[in-house]
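Asker: The structure's right below; bear with me while I get my questions together.
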Amino acid sequence: MEHGFAKLARGVDAFPTILQELGVPAAHLMGWLAIIVEIVGGLTVLLGAFVPLVSLPMAAVLLVAATTVHLPYGFSSIKPQAVTAAGAQFGPPGFVGAAVASDLHRSA
């Protein structure tokens, strides 16, 4: 659930923009689906309800995250730093880059 809320906290377009730069098709739709799966799926697992039903979409989100972000950039706590023409740039664990910090500041 925390990952879904963290994506929302950065603004509704921040996560789909990163997905688009990573080459994920239908980035805006996939971004929202990932956020919904992380929040609703996490809540239902926490409550012990519909676990077989939500486990497949949750596994799909994890598989996509593992193959598109974590394999190339590492399995630590990755923080988006910027989105450039070269693609999404990530900082070290716990790092919040200037672009993300200014986005957070503007949305507050």
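The values are calculated or read from the model by the stated rules, or taken from the named source; none is laboratory data. All of these numbers come straight from a predicted model, not from anything done at the bench. Cβ coordinates were reconstructed from backbone atoms using ideal geometry, including for glycine residues, and neighbour counts include every protein chain displayed.
Asker: Output the qualifying pairs, or none if there are none: Cβ atoms under 6 angstrom, residues six or more apart or on different chains, first residue in the stretch 1-17 and surrounded by 16 or more Cβ atoms within 10 Å (Cβ to Cβ), second residue among the small types (Gly, Ala, Ser) and assigned to a loop (DSSP other than H, G, I, E, B).
Answerer: The qualifying pairs do not exist here.
Asker: If you check Ser102 against the conditions, is it of a type in the set (Ser, Thr, Tyr), assigned to a helix (DSSP H, G or I) and at pLDDT below 70?
Answerer: Details: of a type in the set (Ser, Thr, Tyr): yes; assigned to a helix (DSSP H, G or I): yes; at pLDDT below 70: yes.
Yes: the conditions hold for Ser102.
Asker: Provide a single number: the residues in the stretch 29-65 that are more than 12 Å from the chain's Cα centre (by Cα) and either surrounded by 15 or more Cβ atoms within 10 Å (Cβ to Cβ) or touching a residue at least 24 places away in the same chain (Cβ under 8 Å) (or both).
Answerer: We begin by selecting, within the stretch 29-65, every residue more than 12 Å from the chain's Cα centre (by Cα); these are 29, 40-60, 63.
Keeping just the survivors that are either surrounded by 15 or more Cβ atoms within 10 Å (Cβ to Cβ) or touching a residue at least 24 places away in the same chain (Cβ under 8 Å) (or both) gives 40-46, 54, 57-58.
Final tally of qualifying residues: 10.
Asker: Just the residues that are more than 11 Å from the chain's Cα centre (by Cα) and at pLDDT below 70, please, taken from the stretch 66-84.
Answerer: The answer is Tyr73, Gly74, Phe75, Ser76, Ser77.
Asker: Can you name the number of the only condition in (1) at pLDDT 95 or above; (2) exposed (fewer than 13 other Cβ atoms within 10 Å of the Cβ) that Gly94 fails?
Answerer: (1)
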